[in-house]
1. How much length, in nm to one decimal, is gained on full extension between Ala244 and Thr271, taken as 0.36 nm per residue of separation minus their Cα-Cα distance?
2. If Lys and Arg each add +1 and Asp and Glu each add -1, what is the summed charge of the other residues whose beta carbon sits under 12 Å from the beta carbon of Thr89?
3. Please report the net charge: other residues with Cβ closer than 12 Å to the Cβ of Arg264, K and R +1, D and E -1.
4. So what is the relative contact order for region 1-99, in percent, with contacts set as C-alpha pairs under 8 Å and at least six apart?
5. Could you work out how much longer the chain between Glu178 and Ser108 gets when fully extended? Use 0.36 nm per residue separation minus the Cα distance between them, nm to one decimal.
6. Which value in deg cm²/dmol, rounded to the nearest 500, describes the helix-derived mean residue ellipticity at 222 nm for the chain, given -39,500 (n - 2.57) per DSSP H run of n ≥ 4 and division by the residue count?
7. For the chain, with only Lys/Arg (+1) and Asp/Glu (-1) charged at the beta-carbon, what is the dipole magnitude about the Cα centre, in debye rounded to 20?
8. Lys306: which lysines have alpha carbons under 28 Å from its alpha carbon, excluding same-chain residues fewer than 8 sequence positions away?
Amino acid sequence: HRHLLGIEGLSQADITTLLDLADQYAAQNRGPNKHGQALAGLTQVNMFFENSTRTQASFEIAGMRLGADVMNMSMQASSIKKGETLIDTAMTLNAMHPDLLVVRHPHSGAVNLLASKVNCAVLNAGDGRHEHPTQALLDALTIRRRKGRLHRLTVAICGDIAHSRVARSNILLLGRMENRVRLIGPPTLIPTGMSELGVEVTDNMREGLKGVDVVMMLRLQKERMDGGFIPSTREYYHRFGLDAEKLACANPDAIVMHPGPMNRGVEIDGTIADDINVSVIQEQVEMGVAVRMAAMDLLARNLREKASVEV
Ligand code: CP
């Protein structure tokens, strides 16, 4: 693959190859020597047009650990503020010969468009409601490590599905790896036609969590609700917030996940998020670095192969 734009274009074998390499990086990241050379000589530019804590920090750390020259564009201070378009901005950077461009953008499809214009490898760090492929991959690696497999599991994705690129990428990945996916949330926050994707849908949290191995909680993405219905926090927590009583409906060894940023007391009880016996939220963050190292390593191998063929 030339780019990593979404889970949509990945096969079972692609996903397994990437996760196997990420597992190796995860082991290396826990040791005293975190340095590799897979990206030595390459330039990585991170362009985040939307706020980020985890994704931006982990892409930066991943690039540095693999020896890339890493530059974080400060989009707040860029000429986008003076009216320059996304494509003109991208072409300007393209002229400086980056090898890897990591892009987050509020509009679905913006990253694919940008990838069609530049010469380097593009990694989608989240575009609108469309896809967040490295998040789904780090979730998959966390599940595989905790459950010992990434197939024939039942995974509940709970909350604001409609506005979530994380949900979309996870539905695609978990389906591709032959898992059962159940979406739980208010009907107003679940898009119609989801059952066509082979997933189950319910608005009853206690029913929906029965027999579930993995409980994935999502934040209400109020910034994408543009004038639409926003549930009250109290009502939402009562019906859809994950507390001990609702979690007891899932399998006894179920794990709890959240991509972050989380809103304690809205979609999840803080004591569950902090309970190391069930919550794998910190491991998700840890796997984020390993997965991004693996993704950039594989794209760099492709870049080097292409360059050697062209020479
Ligand atoms: N999970 C995730 O994408 O978090 P950030 O928005 O902090 O990057």
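Throughout, read-outs are computed from the coordinates displayed, never taken from laboratory work. What you see is a predicted model, and the numbers here were worked out from it, not measured in a lab. Don't worry about glycine lacking a Cβ; one is built from the backbone with ideal geometry, like all the others, and counts go over all protein chains shown.
1. Result: 8.8 nm gained on full extension.
2. +1
3. Neighbour charge sum, excluding Arg264 itself: -3.
4. 27 percent
5. 22.6 nm
6. Counting only the DSSP helices, I get -12000 deg cm²/dmol.
7. It works out to roughly 180 debye.
8. Excluding near neighbours in sequence, the set is Lys34, Lys117.
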